[in-house]
Structure formats: C-alpha cells, structure tokens
Amino acid sequence: MRVNSVPGAGGSISIALILCLSVFALASMAQAASVSHPGGTDPSPEIQVVPASHADRAEARDIFKQLIEINTTDTPQGSVTAGSEAMEKRFLDAGFAREDVLLLGPDARKQNLVVRIRAAGPATEKPVLFLCHMDVVEALRSDWHTDPFEFVEKGGYFYGRGTQDMKDSDAALVATFLRLHREGYKPKRDLILALTADEEGGKFNGAAWLVQHHRDLVDAAFVINPDSGGVELDHGRAVVADVEATEKVYADYQVTATNPGGHSSRPRPDNAIYELTTALNKLAVYTFPFELNEITRTYFQSLAAQETGQTADDIRAILATPPDPAAAARLSVEPSFNSNFRTTCVATRLSAGHANNALAQTAQANVNCRIFPGHSPEEIRQQLIGVFGDNRLTVKYVSDAGGISDTAPERKAMAPPAPIKEVFEPLTRLTQAIWPGIPVTPVMENGASDSIYFAQAGIPSYGYSAIALERDDDRAHGQDERLPVDSYWKSLDFFYAFAKELGGTAVQH
Ligand SMILES: [Zn+2]
C-alpha cells in the first residue's frame with residue numbers, strides 16, 4: 001500500500017482500517033452467503049474454519065520471521081531478491097517442481113517469485129492469482145523501540161517492518177501454498193502466488209513487469225491482493241470487513257512557469273512565481289465532477305440506511321437521478337466522502353527562485369491527482385491545463401519511476417464491474433465463520449496498490465487481507481509496526497480455506 005489512512009470521519013461513519021470507507025453488506029451478498037451448497041438443501045451451511053495445527057503455525061511463524069528479518073527496502077541495504085530466493089528455497093525443498101517456482105525480474109536486486117500449484121488434470125477454469133508485494137518502506141532503528149528488521153514477539157504482537165504491510169500476508173500465503181502442496185491438494189484450476197518487487201516505490205514494479213512481459217505466468221480469472229481490505233476492530237470487537245473492489249489511479253504532474261528573470265529591484269509584469277501561484281489558486285477552488293460507480297453506489301446505498309438526519313437525506317439525494325449537487329457539496333466537506341465522489345488533484349510540493357535578490361526564472365509545483373476509475377492520466381492533464389488557463393505554464397506527467405514526459409498515459413482504470421460472486425460468496429462465508437456476524441462490503445480505495453496493473457490489463461482484482469486490526473492501530477509505513485498475533489493466525493486459517501474454496505476440487509476420473 002503506497003498511501004496511508006484517511007482521517008476518521010467520526011460519528012457513526014466508519015472508516016476502514018486501511019483507507020477505504022466501510023459499509024454494511026449488500027443484501028445480495030448476504031443472500032449469496034446462504035446459498036452456497038450446490039444442490040444441497042441446507043440454506044445456511046455451517047462453515048468450519050479449522051485452526052491450523054501447531055506444526056503448521058510454527059512453520060507460518062518461521063516464514064514470517066524470516067521475511068521480516070530480510071531487509072527488502074528500496075535502499076542499498078535492501079534486496080527483494082534475497083526474500084524471493086529464501087522463499088524459492090522453501091518451495092523447492094518442499095518438492096515443488098522447478099518449472100512451478102520461477103525467479104524472474106528486470107533487475108538483480110528486484111527479482112520476483114512466481115509459484116504455481118497446478119490443477120490436477122485439465123484445468124476447467126482460469127487460474128486464481130494471489131498477488132503479494134515483498135518490498136517494505138524504509139525504517140530507521142533510531143525511530144523504533146525495537147530493531148525494525150528483527151522479528152519480535154511481545155505483549156501479544158509481532159513487531160517488525162512489514163508486519164502490517166505486507167509480509168504478514170506474504171508469509172501466510174507462502175505457508176498456505178506449502179501446506180496445500182504437502183497435503184496433496186488437487187485443485188480444478190491453477191493457483192498462482194506472485195511475490196513481487198517495488199510496490200512501495202522503486203523503478204522495477206514487479207506486478208506491472210509481470211503483466212507486461214510475462215502475462216502467461218500471471219494470467220488469471222481474477223486477482224486476490226491482500227495489500228488492502230481487511231477486518232476493522234473496535235476495542236477488540238470485529239465490526240466490518242472491507243474488500244477493495246476498485247481503486248483510484250495515482251498520477252503526479254509537474255507544473256512549471258519560466259521567466260527570463262532579472263534583478264529584483266526591477267520587477268517586470270510577468271513573473272514565474274505569480275503565474276504559478278495564480279494557477280494553483282485556481283486549482284484550489286476547482287472541483288472535479290461528481291461521479292458514482294457500481295462500487296461507490298453500493299457503498300452509499302448501504303450507508304444511507306445506517307445514517308440519520310441531514311447526512312442520510314443528502315446521501316439519498318446524491319443517489320437520485322440526477323444527483324443533487326447541493327447535497328453532494330455538503331457531503332464533500334468530509335474529505336473521505338469527497339475522495340470517493342470524484343477525481344482529486346492537490347498541490348503537494350513547491351519550489352521557485354534561486355536568490356533572494358533575483359526574479360525567479362523557474363517556479364515549479366507537483367500536483368498529485370487521484371483519478372476516478374474511467375479516466376486516463378492524459379485526460380486529467382488536459383483538464384488541469386484547462387483549469388490553469390495559462391498557456392505560459394507547462395503541465396507534464398511524472399511517472400512512478402520519476403520520469404518526466406510531455407503527455408500522460410491514455411490508459412484508464414476500468415470502471416469496476418459489480419463484485420463477482422465467485423469471489424465474494426466464499427470470502428463472505430469464510431470471513432463470517434471466523435468473525436461471526438460481521439458484514440462484508442466492497443469498497444473503492446482512494447489510495448493505490450498493484451491491483452491497478454491487473455485492472456488495466458482487464459483482470460479484476462480484489463483487495464482483502466483477512467487481517468483484523470484496531471481502527472487506530474494502522475502502523476503501515478510508520479514506527480513500531482506491529483500485528484496482533486491472533487490476527488496472523490486468523491488470516492492464515494482464512495487463506496488456507498479460501499484458497500481451497502477458490503481452487504475447488506478436481507473431478508476424479
Ligand atoms: Zn502494501
């Protein structure tokens with residue numbers, strides 16, 4: 001996850017643990033959860049999620065410890081390859097076929113690992129891909145109470161960089177794949193685990209590289225990405241499970257004003273700083289158009305039922321056709337609502353001038369945009385040019401790797417489809433078996449993850465970690481990152497059962 005929490009909205013509006021707005025379950029999903037027995041007569045089967053054995057837990061803990069203690073930051077000390085190779089060894093030692101454990105990538109220190117459990121017999125459906133990034137954000141020993149690259153268990157928590165983002169899920173999925181293999185599991189379709197580089201930053205994003213250069217290795221019916229979504233705890237009580245079903249597109253733009261400059265004792269009518277700040281002030285008061293998609297509409301429909309008073313009235317008014325602009329404006333005062341309603345662009349950095357007594361020759365700002373699905377970065381670049389309305393300015397695109405280009409990508413994140421039952425039905429059922437009674441809901445993430453590369457390639461991606469965290473204990477990217485020990489075990493049990501549900505059982509001939 002590249003971007004962290006939205007501030008809590010307070011009141012009865014729940015904000016999910018990672019980024020997303022949370023809502024109560026879709027009625028249709030609740031129904032889906034109760035009709036899971038194919039051909040069966042029991043409308044509400046009792047689902048058993050059997051806790052992993054002592055030995056399976058010990059292995060999963062050992063993998064987690066090993067991954068935390070391998071520095072995978074994008075720094076001279078870090079190596080994703082070291083982490084990938086350690087996992088490669090585990091799979092090969094466990095008897096996975098060489099051709100099903102592939103170490104590959106465009107950079108020696110950024111090797112990805114792609115592991116496959118093959119369907120027993122001819123696959124009857126496209127594979128399922130579990131996508132897990134292996135890199136972590138830098139952590140300084142001096143900022144922490146423990147060594148961030150030492151796996152420490154104390155007070156019911158595992159401490160270490162990556163315990164929340166996302167070596168917890170990396171380890172749980174590695175352990176799950178090893179266990180499935182050990183047990184001789186025979187799925188009806190391939191299960192793929194991709195452990196990837198440079199999600200948090202860096203020039204060699206493994207998810208994008210795999211999709212673009214080795215689509216055959218990661219092609220899937222859908223992706224499960226545990227880098228977002230999860231179970232929100234309120235003083236230990238599970239409240240809601242969020243599943244990221246779509247996300248906004250991240251884009252940076254470099255806005256530049258230039259000027260011949262000169263001596264500051266002789267100001268001239270044109271001035272780079274004033275031109276830039278005038279443009280930014282126009283952006284400050286500009287609002288991108290209000291939009292809804294399948295996911296956010298569902299969210300707000302559900303929220304309307306929970307809310308009361310003016311907020312509930314306003315939500316109903318934005319769901320009407322046409323939406324009520326006054327209601328949208330009132331709700332948009334809350335930043336998390338606003339981000340769910342539209343593309344947002346905001347100036348995040350500023351630099352100008354070269355001396356106190358000289359007219360600036362260059363004034364430059366970074367404008368960071370979070371683009372609503374369905375629009376391309378180039379479309380937004382053109383909109384920014386229109387908002388600024390000053391052809392003396394240049395508006396260039398800044399890629400994730402820091403490259404500057406005159407135009408931005410035309411590719412847009414697809415507007416999300418309705419959540420697919422094949423994923424949400426078992427996900428809901430298993431989640432509710434572990435955390436009884438909690439609603440499960442699809443959400444639109446305002447931040448960004450590697451899911452976007454698969455969404456852009458036409459492969460739907462769902463973000464769900466099955467990690468339960470206190471609302472106020474999101475420490476991803478922060479100091480003293482930690483995970484409740486119990487949350488790790490529950491996610492382990494979830495992914496084992498979920499992988500088997502998604503993989504199905506091969507028909508025996
Ligand atoms: Zn992450």
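Computed extension gain for residue 479 through residue 183, at 0.36 nm per residue and net of the alpha carbon distance, reaches 102.7 nm. Restricted to Cα atoms, segment 440-492 shows a radius of gyration and a Dmax of 13.7, 37 angstrom.
Simple spin-label estimate for residue 54 and residue 142 gives 4.5 nm between the two label positions (7 Å along the Cα-to-Cβ direction from each Cα).
One decimal place: the segment residue 273-residue 103 gains 56.3 nm when fully extended, by the rule 0.36 nm per residue minus the C-alpha distance.
Relative intensity of segment 350-509 on a log10 scale, I(q)/I(0) at q = 0.10, 0.11, 0.19, 0.20 Å⁻¹, equals -0.62, -0.71, -1.28, -1.34, per a Debye sum over C-alpha point scatterers of equal strength in the absence of solvent. Amide H contacts under 5 Å for residue 462: 223, 224, 225, restricted to partners 5 or more places along the chain or on a different chain, H placed in the peptide plane at 1.01 Å from N.
Per DSSP H run of n ≥ 4, the term is -39500 (n - 2.57); total these for the chain, divide by its residue number, and report the mean residue ellipticity at 222 nm rounded to 500 deg cm²/dmol.
Calculated mean residue ellipticity at 222 nm is -10000 deg cm²/dmol.
Between residue 507 and residue 357, residue separation times 0.36 nm minus the direct Cα-Cα distance comes to 46.0 nm. Pairs from the list 167/396; 188/412; 154/500; 89/186 with a Cα-Cα gap above 26 Å: 167/396; 188/412; 154/500. Accessible area per residue for the chain, computed on protein heavy atoms with a 1.4 Å probe, is 41 Å². Can you tell me the FRET efficiency between residue 486 and residue 266 if r is taken as the Cβ-Cβ distance and R0 is 56 Å, rounded to the nearest 0.05? That pair, residue 486 with residue 266, gives E of 0.20. Counted over the chain, the DSSP beta bridges are approximately 70% antiparallel. Quick one: net charge of residue 378's neighbours, Cβ under 11 Å, K/R +1, D/E -1? Net charge in that neighbourhood comes out at 0. Only protein atoms count toward the accessible area here, which uses a 1.4 Å probe; on segment 303-343, the carbon and sulfur part of that area reaches 58 percent. Hydrophobic long helices, here whole DSSP H runs in the chain with Kyte-Doolittle means of at least -0.5 and Cα atoms spread over 15 Å or more along the helix axis, are found at 80-93, 167-182, 272-284, 294-306, 309-319, 377-388, 421-434, 485-503.
Max-minus-min Cα coordinates of the chain on each principal axis give 85, 54, 47 Å, with the largest extent listed first. Per atom type, segment 189-285 shows carbon and sulfur on 53% of its accessible surface, probed at 1.4 Å. In this calculation the C-beta distance from residue 406 to residue 287 is compared with R0 = 35 Å, giving a FRET efficiency of 0.85.
The values are calculated or read from the model by the stated rules, or taken from the named source; none is laboratory data. Bear in mind that the values here come from a model prediction, so they are computed numbers and not experimental data. Cβ sites come from the backbone with ideal geometry, for glycine too, and all protein chains shown count toward neighbours. Keep in mind that these areas ignore ligands, DNA and RNA; they rest on the heavy atoms of the full protein, side chains included. Shrake-Rupley method; radii C 1.70, N 1.55, O 1.52, S 1.80 Å.
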